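See below for the structure under consideration.
The values are calculated or read from the model by the stated rules, or taken from the named source; none is laboratory data. Source: prediction; values computed, not measured. When we count neighbours, we look across all protein chains shown, and the Cβ atoms used for this are built from the backbone with ideal geometry, even at glycine.
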Amino acid sequence: MRFDKTIDGPDNTLIVRVAMKHKQDILIFSLSGLCILASFLVAYIPRQSTGTAASGILEPSFYEDVTHAESAESLRELDGLFQPLERPVLYRNRTKSACWIRFRLAPSPKDEDRFIEIDNASLEFIDVWFPDGTHERAGKYVNARENRVKTRIRNIPVPRGADSGEFVYARVRTNTIMFVPLAAVTARQALARSFRTNLVFGVFFGIIVAIIFINLFSFMVIRNRHFLVYLCYLVSLLVYHLVVHGFMYFLGLPPHFLESLLWLSLAGFGISMMVFAKRFLFLKERLPAVSTILDVNIGLFLVQTALGISMQVYLANQIAYITGFIVPIIIMATTVKLYVSGYREVRFYLIAWVALFTGTTIWSTSAYAEARISANYFFLVGTSVDSLLFTLAIFDLLRKELSEKDVMLEREKYYINLSRTDPLTGLYNRRYLNELIKRLESDGEIPSDSALIMIDLDNFKTINDTYGHLAGDLILTKTGTKIKKHIRKTDIACRYGGDEFLVFLPGANESAARLIAESIRNDIVADCSYSEEGSPISITVSIGISENRLDDSFDGLFLRADAALYQAKKTGRDRISVL
C-alpha cells in the first residue's frame, strides 16, 4: 500500500497520517546508521597494541613463504627474512602463501599448563615447532575431538620449558583470511575463555533456533510462502555458523564433507536471501531489472558453491567476498528506493538489512583491510539481529496485507450497502426488496403468517412545492428514522419510491401489524418540522395493511396492501385501512 495516498473508506474520510510516521522512521534509520558507523569504528579503528603482559607473546615477526618450501630448521638460519609485527596479530590480504610467525613466550610466573591460543576457527592448517623440537598441529582439518581443551578456539599445548627465551615457529596456511591473533594463556584462562565464548555463541544460536521455530509455526498456521523461503534462509544460516565457527568439527565428520557443507550452507543462505528479497519486495513486478541482477548473483553463488565443493576454495572465496559485498548493497539500495517511493511496509526489512549489511560488509572487506576483531563475530551478530528483524518484517507485511483486506472488505460492504439502501432514509431500496422477496420465495422461507404495511405521506408534493425540496428531504429522513424506531430487527423496511414506504413483517399477523403502524403514524403526526424561513410544517400519513392468506404470494399481499392504502387516502387520509 502506498502510504502517501488517501484511502477510500465508507465515509471517504480515512486518510493515512504520515508526518509522525516519517519522524519515527527517520529516528529509527538514524539510530541504525549510528549502529553501522559504530560497528565499523569498532572493527577498523586502530587501537593500542596488546602488550606483552596481556598476550604473553614477545618479539613477534613474520615471513611470507611463497614457495611453501621452507621448514622451521631452515628458517632458524635465516633471521633476516622475518619482519617485525607491531602486535601479536598477523594479518595479510588474500594470499596463497604459507605465513610463518616467529615469537618468544613470556616467562610464566606459575607452574601451570599453557597454551598458544589462536582465535580463528576458519584457519585450515596450523603447525607449531617449539625449541625442544616438539611439533603440534591444529586447524580445521585436525580432528577437534583430540584437542585437550574442547573449544572452537585453537589451543595449542605448550611443552614445559618452552619459555626459555628461544623462538617458537608457527606456520599457517589458509584459503580464507590470513588473520592469526596470538596469545599465551594458562589452562584456567583457556577454559574460562572457552566458557565465555560458548555462552556468547549459545545466545546467538539460541536466537536463530527460536526464530526458526517461530517461522515454522507461522508457516504451518498461515501457509504464507514468505515463511517457507525464510526458513531455508535461517536453517542454512545456522548450519553455516556452526561450520565456520568450528562447532561442527567436534562431530568427527570428514574434512571434505564439512568443507562441502560450508559451501552448501553458504549457497542456501545467499540464494534464499535473494529469493526472499525478490518475493518480499515484489521485484519482478516493481523493478524487473533489479530482479535480473539478483538472478545473475544467484548464478554466481552456484558457481562459487561448485568451486568450493570441488576444493577450489581460493577461487570460491574470491567470488564469495565479491557477492558478499555487492548483494547487500543492491538489496539495500532497492529497499531504500521502494521506501522513498512510498512503500512504507518495507521499513523493518530495510532495518534488518542494515544489520546484515554491517555484518556482511565487515566480513567481506576484512579480506582487504584488517579488522581488529574477527569479522566472523560481526557476521554472527549481524545475521542474528537481522533474523529477528526479517521475521518482524514478514509479520508487518502480513499485518499490512490484512489491513488492506479489511479496508477492501469494509469498502465492499459499504458499496453493497450503498447498492441496496436508500441514501436519504437509510432504509432498503425497492430493488433490494424485490430481490430479497424473490430469493425468499424461491427458497420457501417466507412465513405463512406475515403482514405488509404500506405508508404514504399525505400531500407530500404540496409540501415540496411550498417549502422546497430541502424541507421535503428532511421529512423523508425523519420518516425513515421513525419507521426503524418502531419495527423489529426481523422486519424489512424500505423506501419503495418517492414518499411511499413498505414494511414487511414476517411472522406477524394483522393485529401486530396494526400496532406497529399506529405507533409509526402517531410518531410522525406528533413531530413538527420547520422550513428554512421557520414556518412549521405538519404532516399526516395514510397506511394500508394486509395479512398473508393461505397459499398467498407476496404479490397478492402487496396488491391488497396497496388497495388498503388507496382506501385510506380515498376515505379522508391520515388513517389506517386493512384488507
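Could you identify the single residue in I126, I118 that is buried (at least 18 other Cβ atoms within 10 Å of the Cβ) and touching a Gly at 6+ places or on another chain (Cβ under 6 Å)?
The unique qualifying residue is I126.
Of everything in the range 282-318 that's aliphatic (A, V, I, L, M) and in contact with a Leu (Cβ under 6 Å, 6 or more places away or on another chain), which residue is surrounded by the fewest Cβ atoms within 10 Å (Cβ to Cβ)?
Result: L315.
In the range 373-390, is there at least one residue being modelled with pLDDT under 75 and not in a helix (DSSP H, G or I)?
yes
Looking only at the range 521-558, which residues are aliphatic (A, V, I, L, M) and either touching a residue at least 12 places away in the same chain (Cβ under 8 Å) or surrounded by 13 or more Cβ atoms within 10 Å (Cβ to Cβ) (or both)?
Correct list: I524, V525, I537, I539, V541, I543, I545, L550, L557.
From D443, D465, D458, D449, grab the single residue that is modelled with pLDDT under 85, closer than 27 Å to G572 by Cβ and either acidic (D, E) or buried (at least 16 other Cβ atoms within 10 Å of the Cβ) (or both).
Going through D443, D465, D458, D449 in turn, the sole match is D465.
Any residue that is under 17 Å from F558 (Cβ atoms), among the hydrophobic types (A, V, I, L, M, F, W, C) and in contact with a helix residue (DSSP H, G or I) (Cβ under 8 Å, 6 or more places away or on another chain) - is there at least one of those in the range 454-469?
Yes, the range 454-469 contains a residue that is under 17 Å from F558 (Cβ atoms), among the hydrophobic types (A, V, I, L, M, F, W, C) and in contact with a helix residue (DSSP H, G or I) (Cβ under 8 Å, 6 or more places away or on another chain).
Would you mind telling me which numbered condition in (1) modelled with pLDDT of 85 or more; (2) within 15 Å of F460 (Cα to Cα) K570 fails?
Condition (2) is where K570 drops out.
Report the residue count in the range 114-134 for those that are in contact (Cβ under 8 Å) with a residue 40 or more places away in the chain and within 30 Å of E77 (Cα to Cα).
14
Take the conditions surrounded by fewer than 13 Cβ atoms within 10 Å (Cβ to Cβ) and at pLDDT 90 or above and apply them to L515. Does it pass?
Here the answer is yes, as L515 does meet what is asked.
Of all the residues that make up the range 61-86, how many are charged (D, E, K, R), in a loop (DSSP other than H, G, I, E, B) and surrounded by fewer than 17 Cβ atoms within 10 Å (Cβ to Cβ)?
Of the residues in the range 61-86, 2 are charged (D, E, K, R), in a loop (DSSP other than H, G, I, E, B) and surrounded by fewer than 17 Cβ atoms within 10 Å (Cβ to Cβ).
What about S260, is it over 19 Å from V385 (Cβ atoms), in the same structural domain as G359 (by TED's automatic domain parsing), in contact with a Gly (Cβ under 8 Å, 6 or more places away or on another chain) and hydroxyl-bearing (S, T, Y)?
yes
Can you pull out every residue in the range 521-558 that is touching a Phe, Trp or Tyr at 6+ places or on another chain (Cβ under 8 Å) and assigned to a loop (DSSP other than H, G, I, E, B)?
Residues satisfying the conditions are S531, E532, S535, I539.
On the given criteria, is V235 outside the structural domain of N120 (by TED's automatic domain parsing), of a type in the set (A, V, I, L, M, F, W, C), surrounded by fewer than 15 Cβ atoms within 10 Å (Cβ to Cβ) and on the phi < 0 side of the Ramachandran plot?
Answer is no for this residue.
Does at least one position in the range 240-256 carry a residue that is modelled with pLDDT of 85 or more and among the small types (G, A, S)?
Scanning the range 240-256 turns up no residue that is modelled with pLDDT of 85 or more and among the small types (G, A, S).
Given the options S553, S546, name the one that is modelled with pLDDT of 90 or more and over 14 Å from E500 (Cβ atoms).
On inspection, the qualifying residue turns out to be S546.
Considering the range 206-230 alone, what residues qualify as being free of Cβ contacts under 8 Å to residues at least 60 places away in the same chain, of a type in the set (F, W, Y) and either in the same structural domain as N93 (by TED's automatic domain parsing) or surrounded by 13 or more Cβ atoms within 10 Å (Cβ to Cβ) (or both)?
Once the filter is applied, which keeps residues that are free of Cβ contacts under 8 Å to residues at least 60 places away in the same chain, of a type in the set (F, W, Y) and either in the same structural domain as N93 (by TED's automatic domain parsing) or surrounded by 13 or more Cβ atoms within 10 Å (Cβ to Cβ) (or both), the range 206-230 yields only F219.
Among residues belonging to the range 32-60 that are part of a helix (DSSP H, G or I) and more than 30 Å from V336 (Cα to Cα), point out the one that is modelled with the highest pLDDT.
S55
Kindly state which helices (runs of 4 or more DSSP H) lie completely within the range 244-323 and contain at least 3 residues that are among the charged types (D, E, K, R).
255-280, 283-286
Just for the range 165-192: of the residues that are within 45 Å of the chain's Cα centre (by Cα) and of a type in the set (D, E, K, R), which one is nearest to N120 (Cα to Cα)?
Per the stated criteria, the residue is R173.
Scan (1) surrounded by fewer than 21 Cβ atoms within 10 Å (Cβ to Cβ); (2) part of a helix (DSSP H, G or I) for the single condition E166 breaks and write down its number.
Here E166 meets the rest and fails (2).
What number of residues within the range 76-116 satisfy the criterion of being within 25 Å of Y314 (Cα to Cα) and of a type outside the set (A, V, I, L, M)?
9
Of all the residues that make up the range 169-180, how many are in a loop (DSSP other than H, G, I, E, B) and in contact with an Asp or Glu (Cβ under 7 Å, 6 or more places away or on another chain)?
2
So A561 ticks every box in (1) exposed (fewer than 11 other Cβ atoms within 10 Å of the Cβ); (2) aliphatic (A, V, I, L, M); (3) in a helix (DSSP H, G or I) but one. Which box is left unticked?
(1)
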